[in-house]
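**Student:** I am attaching a structure below and will ask some questions about it afterwards.
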Amino acid sequence: MTRPVSVVLAGGGSAGHVSPLLATADALGRIAPGTAVTALGTARGLEATLVPARGYRLELVPRVPVPRRPTAELLRLPGRLRGAVTAATDVIDRTGAGVVVGFGGYVSAPAYLAARRRRVPVVVHEANPRPGLANRLGARFAARVATATDGVPLPRAETVGLPLRREIATLDRAARRDEGRALFGLDRDRRTLLVTGGSQGARTLNSAAIGASEALAAAGVQVLHAAGPANALDPPARAPGAPPYVLVPYLERMELAYAAADLVLCRAGANTSAELTAVGLPAAYVPLPHGNGEQRLNAEPVVAAAGGLLVDDAACTSEWVAATLVPLLSDAGRLEAMGKAAAALGHRDADVVLARMVLEAAGS
């Protein structure tokens, strides 16, 4: 058994930071029972609810966004950063932290600077192909630098994958297919398309899927569609005996949605891309049309390996779904080959690998 230590995990704001943080915390508890885990976050991020709900201690630090352009906010940055570093230093002192782990986001930079002030080793995990400012800073003096994918431009980077929830990382899709389809009211033997735009849904995907519902039904394809909690949509009309079209605001049991599906129409966030490759599920990726192009970079390795398709947001229409996804869903051999190609890129044990890195850094 590995000796337990006190670990501070820093990362918040979005699910892309909070989900791997929680998966790593869980892995630390399994590998080194008794490890004291404290999460650093802000009052406004998802961590404010998700971390306590998982049973971990959450300490709040001031949110310090970095302006992208010279503005009056930039002049206030040094003072705000000093306050956040002081707050993070206080947490390190009170918890007796033996290592600080950062996942990026607003709280990681203060955590890294506080750790350096107290000579506590740092471990950085970067989920995206293009590292953010905080992780570029932390990687300069980190004991270990872990990345979700190859080719991330950080010094001494080691590819480990993205830490995932255990119910995803250990999923046997074939063994749980019937359970998943029964849970969502789907037919046991029909080809199934899963549509998800992430936790908030995506209008482009919603419109394309619902608009193609007749073509999907005519091909015998059933649909499980998570539209997003703020998107009030009516399910398309279905004739008696037609394949189901199940429209829900949110999927609480994503692992069973993956088990039920043969193909996914989705965005290309880091979590989604990592989960789909881990479970070996082919997908049509529709990157967000704005931002820094990060989502496209997430999907490109999967597409290059023939584990998925890539379509621009503007091109993802009901006509495209009917012309491209309907024939694909009818081709069992191609779906199987795509699933194997996707799985070859997946990392099911990233949580354990990263947790061991953290414990090794603490021991050093």
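The values are calculated or read from the model by the stated rules, or taken from the named source; none is laboratory data. Keep in mind it's a predicted model, so treat the numbers as computed, not measured. Backbone-built Cβ (ideal geometry, glycine too); neighbour counts: all protein chains shown.
**Student:** Restricting the search to region 96-130, which residues are of a type outside the set (A, V, I, L, M) and within 16 Å of the chain's Cα centre (by Cα)?
**Tutor:** If the condition is that a residue be of a type outside the set (A, V, I, L, M) and within 16 Å of the chain's Cα centre (by Cα), then 102, 103, 104, 105, 125, 126, 128, 129, 130 are the ones that fit.
**Student:** Name every residue in region 220-245 that is closer than 19 Å to residue 267 by Cα and crowded, with 20+ Cβ neighbours inside 10 Å, in order of residue number.
**Tutor:** Within region 220-245, 223, 224, 225, 226, 227, 228 qualify.
**Student:** For residue 217, are the conditions met, namely being over 25 Å from residue 130 (Cα atoms), among the hydrophobic types (A, V, I, L, M, F, W, C) and crowded, with 16+ Cβ neighbours inside 10 Å?
**Tutor:** So residue 217 passes the test.
**Student:** Got a sec? Which of 348, 334 is basic (Lys, Arg) and touching a helix residue (DSSP H, G or I) at 6+ places or on another chain (Cβ under 6 Å)?
**Tutor:** 348
**Student:** Sticking with this structure for a sec: When the residues of region 1-31 are narrowed to those that are of a type in the set (Val, Ile, Thr) and closer than 20 Å to residue 270 by Cα, which ends up surrounded by the most Cβ atoms within 10 Å (Cβ to Cβ)?
**Tutor:** Applying the filter and picking the extreme gives 24.
**Student:** Any residue that is without any contact (Cβ under 8 Å) to a residue 24 or more places away in the chain and assigned by TED's automatic domain parsing to the domain that holds residue 264 - is there at least one of those in region 277-288?
**Tutor:** No: region 277-288 contains no residue that is without any contact (Cβ under 8 Å) to a residue 24 or more places away in the chain and assigned by TED's automatic domain parsing to the domain that holds residue 264.
**Student:** All but one of (1) surrounded by 24 or more Cβ atoms within 10 Å (Cβ to Cβ); (2) within 23 Å of residue 351 (Cα to Cα) hold for residue 272; which doesn't?
**Tutor:** Every listed condition holds for residue 272 apart from (1).
**Student:** With the condition kept exactly as written, say whether any residue in region 320-339 is under 20 Å from the mean Cα position of the chain (by Cα) and outside the structural domain of residue 37 (by TED's automatic domain parsing).
**Tutor:** yes
**Student:** Here is a further query. Within region 339-355, can you find the residues that are of a type in the set (Asp, Glu) and either out of contact with any Gly (no Cβ under 8 Å at 6 or more places or on another chain) or crowded, with 23+ Cβ neighbours inside 10 Å (or both)?
**Tutor:** The one that is of a type in the set (Asp, Glu) and either out of contact with any Gly (no Cβ under 8 Å at 6 or more places or on another chain) or crowded, with 23+ Cβ neighbours inside 10 Å (or both): 351.
**Student:** Which of the residues spanning region 134-151 are surrounded by 21 or more Cβ atoms within 10 Å (Cβ to Cβ), assigned to a loop (DSSP other than H, G, I, E, B) and within 19 Å of the chain's Cα centre (by Cα)?
**Tutor:** Passing the criteria: 148, 149.
**Student:** Also: Every residue in region 122-133 that is over 11 Å from residue 10 (Cα atoms) and either in a strand (DSSP E or B) or not polar (S, T, N, Q) (or both), please.
**Tutor:** Within region 122-133, 126, 127, 129, 130, 131, 132, 133 meet the criteria.
**Student:** Would you mind telling me which numbered condition in (1) surrounded by fewer than 20 Cβ atoms within 10 Å (Cβ to Cβ); (2) assigned to a helix (DSSP H, G or I); (3) modelled with pLDDT under 95 residue 34 fails?
**Tutor:** Single failed check for residue 34: (2).
**Student:** Suppose we filter 309, 328 for residues that are surrounded by 17 or more Cβ atoms within 10 Å (Cβ to Cβ), within 24 Å of residue 223 (Cβ to Cβ) and in contact with a strand residue (DSSP E or B) (Cβ under 6 Å, 6 or more places away or on another chain); which single one remains?
**Tutor:** 309
**Student:** Being assigned to a loop (DSSP other than H, G, I, E, B) and within 11 Å of residue 173 (Cα to Cα) is the filter; apply it to region 255-292 and report the residue that is farthest from the chain's Cα centre (by Cα).
**Tutor:** Here the answer is 262.
**Student:** When you check residue 183 against the structure, is it modelled with pLDDT of 95 or more, surrounded by fewer than 19 Cβ atoms within 10 Å (Cβ to Cβ) and over 24 Å from residue 363 (Cβ atoms), yes or no?
**Tutor:** So residue 183 fits the description; yes.
For (1) touching an Asp or Glu at 6+ places or on another chain (Cβ under 8 Å); (2) modelled with pLDDT under 90; (3) at negative phi, each residue gets a yes or a no:
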site: 13; (1), (2), (3): yes, yes, no
site: 27; (1), (2), (3): yes, no, yes
site: 39; (1), (2), (3): yes, no, yes
site: 56; (1), (2), (3): no, no, yes
